[in-house]
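Here is the structure we will look at, set down as structure tokens.
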Amino acid sequence: MIGIDFGTSTLEIAVAHGEHTRLLANAAGEKILPSVIAYPPGRSPLVGTAAATRWRMDPENTIHSIKRIVGRRWYDQEVVDYREVSGVALKQGPGHQPLISCRGGQLTPQAIVTSLLEIARKMLECPMKGPATICVPPSFNVEARLQLSEAARAAGFERVMIINEPYAAAPPTLAARPDANTN
């Protein structure tokens with residue numbers, strides 16, 4: 001079983017084998033990665049600490065806190081707020097979806113999350129087989145849950161289940177309740 005805590009500022013991936021669970025670490029030993037992706041000139045995208053260090057020198061091509069606008073529309077308050085503080089160029093795309101214009105192209109929030117999760121999965125050498133569970137805030141709307149689930153599958157996770165954060169922190173007997181899972 002794979003557990004993903006995709007937060008606004010950090011990302012962690014854990015793997016459970018029977019009774020044992022461990023957080024995966026990258027080559028530098030980091031188990032907690034910044035939820036940041038950067039598109040440097042002439043290079044593949046960077047994720048985590050390497051991306052976060054680029055933010056000051058290249059804010060137009062470094063995307064952070066993307067979770068805030070996944071599943072949101074151009075006119076939603078979260079997107080309005082994000083446009084004011086993010087440092088990246090946003091424009092309204094088809095279906096009132098926000099598009100981020102950066103060196104990586106014209107990207108939807110879902111496409112950015114896909115890239116971020118895919119690169120993090122590879123960096124952390126996460127196995128692709130087995131179900132993955134992603135915890136989200138209870139305030140995540142249906143569209144945000146759907147886009148996050150689709151992004152995780154596109155990033156190489158086999159089966160994806162979305163669970164509310166309070167249940168993710170609960171003891172296993174409580175978290176296994178049928179009404180705890182929302183998809």
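The values are calculated or read from the model by the stated rules, or taken from the named source; none is laboratory data. Fair warning: this is a prediction, and the values are worked out from it, not measured in the lab. Here the Cβ is made from the backbone with ideal geometry for all residues, glycine too, and neighbour counts use every protein chain on show. Protein only, heavy atoms only, side chains kept; ligands, DNA and RNA dropped before computing areas. Shrake-Rupley method; radii C 1.70, N 1.55, O 1.52, S 1.80 Å.
Listed values, structure above:
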{"read-out": "Loop sites in the range 35-139: chymotrypsin sites (Phe, Trp or Tyr not before Pro), DSSP, at most 16 other Cβ within 10 Å", "value": "Trp55, Tyr75"}
{"read-out": "Proximal charge balance of Gly87 [Cβ under 12 Å; K/R count +1, D/E count -1]", "value": "0"}
{"read-out": "Local electrostatic count, Phe140, Cβ distance below 15 Å [Lys/Arg +1, Asp/Glu -1]", "value": "-1"}
{"read-out": "Neighbour cut-off at most 14 other Cβ (10 Å), DSSP loop, GluC sites (Glu not before Pro), the range 1-41", "value": "Glu19"}
{"read-out": "Sulfur and carbon atoms: percent of accessible area, the chain [1.4 Å]", "value": "56 percent"}
{"read-out": "Stokes-Einstein D for the chain, Kirkwood Rh over Cα pairs, 37 °C, 0.692 mPa s (µm²/s)", "value": "196 µm²/s"}
{"read-out": "Over the chain, relative contact order from alpha-carbon pairs under 8 Å, at least 6 apart, %", "value": "19 percent"}
{"read-out": "FRET efficiency estimate (nearest 0.05) - Cβ-Cβ, Tyr75 to Lys31, R0 45 angstrom", "value": "0.75"}
{"read-out": "Average accessible area per residue (Å²) across the chain - probe 1.4 Å, nucleic acids and ligands excluded", "value": "50 Å²"}
{"read-out": "Per DSSP, loop trypsin sites (Lys or Arg not before Pro) in the range 1-97 with at most 12 further Cβ within 10 Å", "value": "Arg43, Arg56"}
